[in-house]
Structure formats: C-alpha cells, structure tokens
Amino acid sequence: MQDQQDTYKINNCQTGLTKFPENMPSTETAKVWSILVTTGAQPSIKVQVNGVEVINVLISDDTCGYSNWRNYWTQEIDLLGFNSWQGGFSGYHLGIYCKLGIGGTL
C-alpha cells in the first residue's frame, strides 16, 4: 500500500492515487501549499509547495479516468478538500479572490 503522504488524488478525474514527484519538499520542512484551479473549456490544477511546482495537470480525457469529469471540472469549483496526514501541510494559499471553502477529506 502506498504511503498517503507521498500521494494525491484529483477527485472526479483520477481513479487512483498518484505519487508526488521527487522534487516534493522534505517532510522535515513546514509546507505552504499554493493552489491554482482553472475551470472552463481547458480546466487545470497547479500546485506549488514552498514555491516548488509539484502538480501541473490539464484536466482532459487523457488525464481523467472518469468519462463525466466535465460535469465537475468545467463548472465553478466551490469546495477544496484535503486528506489530513501528519506533517502534510502547514498552511495554504488559495488567492485573494478565491470563493473556495475548505472541507473534509477527498
């Protein structure tokens, strides 16, 4: 079984967990996450941890295992959830105009 600290999953797109890249800041470092979600015709999600890009995914038929991903990713996103794990993150930045709520686990 994969260590949850080393993986992520984009709900309503990915069918399983994806391992973070090797450039992920170490677990000894406090982590601040910057998250950019773009919806519409070409939805994407980009994530930086302490200024290092660790996720850059264009949401599409090629990257999503669910055929109905468009029902979720072309609309305005109103909730972002995190699985909680010890040492996972120290804070997050969603942007000054963000309307996202933070809730439950993914």
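The values are calculated or read from the model by the stated rules, or taken from the named source; none is laboratory data. Everything numeric here is computed off the predicted structure, so don't read it as measured data. Quick reminder, even Gly has a Cβ in these numbers, built from the backbone with ideal geometry, and neighbours come from all protein chains shown. Accessible surface areas use protein heavy atoms only, side chains included; no ligands, DNA or RNA. Shrake-Rupley method; radii C 1.70, N 1.55, O 1.52, S 1.80 Å.
Any residue in the stretch 34-43 that is in a loop (DSSP other than H, G, I, E, B), hydrophobic (A, V, I, L, M, F, W, C), at pLDDT 85 or above and open to solvent by 70 Å² or more (accessible area, probe 1.4 Å)?
Taking the stretch 34-43 and keeping what is in a loop (DSSP other than H, G, I, E, B), we get 39-43.
Pick out the ones that are also hydrophobic (A, V, I, L, M, F, W, C) and you get 41.
Those left that are additionally at pLDDT 85 or above: 41.
Next, from what is left, pick out any that are open to solvent by 70 Å² or more (accessible area, probe 1.4 Å): 41.
Yes: the stretch 34-43 contains one or more residues that are in a loop (DSSP other than H, G, I, E, B), hydrophobic (A, V, I, L, M, F, W, C), at pLDDT 85 or above and open to solvent by 70 Å² or more (accessible area, probe 1.4 Å).
E28 versus (1) of a type in the set (D, E, K, R); (2) modelled with pLDDT of 80 or more; (3) in a loop (DSSP other than H, G, I, E, B): which is the lone unmet condition?
Here E28 clears every test but (2).
Which residue pairs have Cβ atoms closer than 7 Å, lie 6 or more positions apart in sequence or on different chains, and pair a first residue in the stretch 54-69 that is free of Cβ contacts under 8 Å to residues at least 60 places away in the same chain and farther than 11 Å from I10 by Cα with a second residue that is of a type in the set (V, I, T) and surrounded by 12 or more Cβ atoms within 10 Å (Cβ to Cβ)?
V54/V47
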